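The values are calculated or read from the model by the stated rules, or taken from the named source; none is laboratory data. Not measured: the values here are computed from a predicted model. Neighbour counts are summed over all protein chains in view; Cβ atoms, including those assigned to glycine, are modelled from backbone coordinates with ideal geometry. Heavy atoms of the whole protein, side chains included, go into the accessibility calculation; ligands, DNA and RNA do not. Shrake-Rupley method; radii C 1.70, N 1.55, O 1.52, S 1.80 Å.
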Amino acid sequence: MRSTLFCSFCIVLLLSGCNNNDDDNSLTPAVASIGFATAGSAIAVGQEIEMSLQADNLSADVFAVSMQISFDQEVLAFSDSSGWVAGDLFGSNALTFVRTEESVIRLTVTRVQGTQPGNGFGTLCRLTFSGRAAGTSPLQIDRNELKLFDSTGVEIDLADIVINNAAMQVNQ
């Protein structure tokens with residue numbers, strides 16, 4: 001009788017543990033994100049700051065990333081010839097193209113054909129801005145212009161990607 005009661009008790013404990021609806025124990029898939037590593041910062045007029053563009057949880061087959069970043073050119077200055085440094089996301093031989101038109105930075109980073117894909121985590125590039133005048137400038141990635149491509153040139157669906165924009169405060 002005692003062993004039957006003990007076995008029943010153990011079964012009840014096991015079943016109650018299996019039906020645990022605690023959200024902390026559930027596995028949630030990692031969300032892909034791309035954007036600035038810091039949400040914002042403050043600099044003085046004439047001072048420079050380097051902002052890292054990070055990628056997290058991207059598909060392993062991402063071959064290239066293309067985007068547009070808008071900023072307020074009255075508040076910040078950016079040089080497309082010297083205001084960037086390539087990151088490590090696509091390896092040391094990655095090709096980076098940067099062009100600025102008014103208040104928009106057009107950025108494309110791609111791996112070289114034949115190189116191994118990255119792990120989906122890393123720095124796309126680092127952009128250097130300098131304070132031009134007092135004020136606040138957004139650093140905003142345009143969702144409609146953010147494109148990821150696989151090694152065959154097919155665009156990767158970005159429906160669930162999180163974009164991390166930033167803002168830069170420039171003080172006198």
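Quick notes
- Mean projected area of the Cα convex hull of segment 120-172, taken over all directions, amounts to 5.1 nm².
- Karplus-based coupling profile of segment 81-86, in residue order and whole Hz: 8, 9, x, 8, 9, 5, with θ = phi - 60° in 6.51 cos²θ - 1.76 cosθ + 1.60 and x standing for Gly or Pro.
- Net lengthening on full extension, residue 45/residue 144 (0.36 nm per residue, minus Cα-Cα): 32.5 nm
- Accessible surface calculations at 1.4 Å, restricted to protein heavy atoms, place segment 74-172 at 53 Å² per residue.
- Backbone HN-Hα couplings from phi across segment 65-72 [Karplus 6.51/-1.76/1.60, Hz, Gly and Pro as x]: 10, 10, 7, 10, 10, 9, 8, 8
- Cut-off under 5 Å, modelled amide H: who pairs with residue 164 long-range: 34, 35, 36
- Placing pseudo-labels 7 Å out from each Cα toward the beta carbon at residue 133 and residue 115 gives an inter-label distance of 4.0 nm.
- Whole-percent carbon and sulfur share, accessible surface of segment 32-88, 1.4 Å: 45
- Whole-Hz Karplus values for segment 163-171 come out as 9, 9, 7, 9, 9, 10, 9, 10, 9 Hz, taken residue by residue from phi with 6.51 cos²θ - 1.76 cosθ + 1.60 and θ = phi - 60°; glycine and proline positions read x.
- Protection proxy ranking, peptides 61-67, 107-113, average beta carbon neighbours within 10 Å, highest first: 61-67, 107-113
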